[in-house]
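Below is one structure; the comments refer to it alone.
Only the coordinates and a few stated rules stand behind these numbers; no lab work does. Note that the structure is predicted; figures quoted are calculated from it, not measured. In this analysis, Cβ positions are derived from the backbone assuming ideal geometry, glycine residues included, and neighbour counts consider all displayed protein chains.
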Amino acid sequence: MAQLYPWLDELWQEWRDSLDAGRFSNSAILTADYGLGHEQLVDAFSRAVMCSNYASEACGFCHSCQLMNSGSHPDYHIVEPEKEGKSITVEQIRHCNRQAQESSQLAGVRLFVIQPAEAMNESAANALLKTLEEPSSNCMFLLVTHRPSLLLPTITSRCQQWTLAAPNSATISEWIAQQDSVSVPPYAAHINNNSPLKTLAFAKEGEADTYQAIEQQLLQAVVGQGDVMKLAKELSAKPAERLAWLWYLLSDAQKVHFGVDAPFFTPGAAKLAAVVSYTKLYEQAEALGSLIEQLREHTGLNSELLILDWLFKFNEETCL
């Protein structure tokens, strides 16, 4: 098996122990944020479960392992949206349910990986629920989710819960330095939700310069200076990433108001706290969180206009 990312080791060991002891449930949910490399964990688990010889780690040599290597194991099924951004449909889950009731073609375990589980529409989720309530023998379901709050509580309650924790900023910086001798500023992992892979991409693509430029423009905008239109345009170019950066800046600035400081805080947090009250920072951070969610859910919206409206509210103005 290929070496896992170091921050996956602890959870992988828990999974191995659980598989060895026969405690791993037939229905489980893995919660993992984007950029943590959870795909490696799911792959290692899938190979271990499908292997004919070992309970907690694939041997790599048996017929099942060879089929997994070629991507043609008849008892291993991945259920995911047919197109990016689309739902997992009820037809897909019904097909999955039928396969779950059939006998294993290799007299072993049938494994279904559903990812991302929150992509199931309501009909699909209800269809899966019926199978989870009456699971067939030697059949396992692993649901991978990035947003567990969107799953039906009835599904969540029937599954064993596992969560992949993000490593701390120091661990991420050390790991990134070992990759390509890439150096990252202390705040890089922080504004990327402590995601090692996103932070590595941030460093390689020179996004630190972009962040600092955006931070400086915001600091000017909140005191009525700078080009707000230009800032809104730059933020709307990559709203999911860049608005998240600003959310961390506002969050850090709120903490500064209470005398809290940390080496990984965004560089402009203290300056922002000096010119914007805690109340306004709190209001804008809440509004920004809602805006991020709104743009994520409705991709057709005019992000530049909505961002401009949010920026104007720093000065108690509204965009008409």
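Some points to look at:
- Modelled label positions at residue 237 and residue 152, each set 7 Å beyond Cα in the direction of Cβ, lie 4.4 nm from each other.
- Contact order, relative form, for region 6-163: 30 percent (alpha carbon pairs under 8 Å, 6 or more residues apart, mean separation divided by residue count).
- Residue 78 long-range amide H proximity, modeled H, under 5 Å: 113
- Exposure here means at most 11 other Cβ atoms within 10 Å; with trypsin sites (Lys or Arg not before Pro) in a DSSP loop as sites, the longest stretch of the chain lacking them is 87-320.
- Proximal lysines relative to residue 86, as straight alpha-carbon distance under 25 Å, when same-chain residues fewer than 8 apart are discounted: 130, 198, 238
- Summarising the label geometry, the points placed 7 Å from Cα in the beta-carbon direction at residue 220 and residue 201 lie 2.9 nm from one another.
- Cut-off under 5 Å, modelled amide H: who pairs with residue 120 long-range: 88
- For the pair residue 312 and residue 94 in one chain, pulling the backbone fully straight at 0.36 nm per residue adds 73.6 nm over the alpha carbon distance.
- As a ratio to 2.2 N^0.38 Å, the alpha-carbon radius of gyration computed for the chain takes the value 1.17.
- Computed over region 206-315: relative contact order in percent, which uses C-alpha pairs under 8 Å that are six or more apart: 35
- Computed over the chain with a Gaussian network model linking Cα atoms closer than 10 Å, the most mobile of 131, 299, 171 is 299.
- Across the chain, the mean sequence separation of Cα contacts (distance under 8 Å, 6 or more residues apart), normalised by length, yields a relative contact order of 15 percent.
- Under the combined filter of DSSP loop state and at most 11 neighbouring Cβ atoms within 10 Å, region 192-299 retains these GluC sites (Glu not before Pro): 205.
- Cleavage-rule hits (chymotrypsin sites (Phe, Trp or Tyr not before Pro)) in region 247-298: DSSP loop, at most 16 neighbouring Cβ within 10 angstrom: 258
- Gain on full stretching of the segment that runs from residue 5 to residue 171 - 0.36 nm per residue minus C-alpha separation: 58.6 nm
- Available extension along the chain between residue 160 and residue 20 is 48.8 nm, counting 0.36 nm per residue and deducting the alpha carbon span.
- Helix-derived mean residue ellipticity, 222 nm - over the chain, DSSP H n ≥ 4, -39500 (n - 2.57), to 500: -16000 deg cm²/dmol
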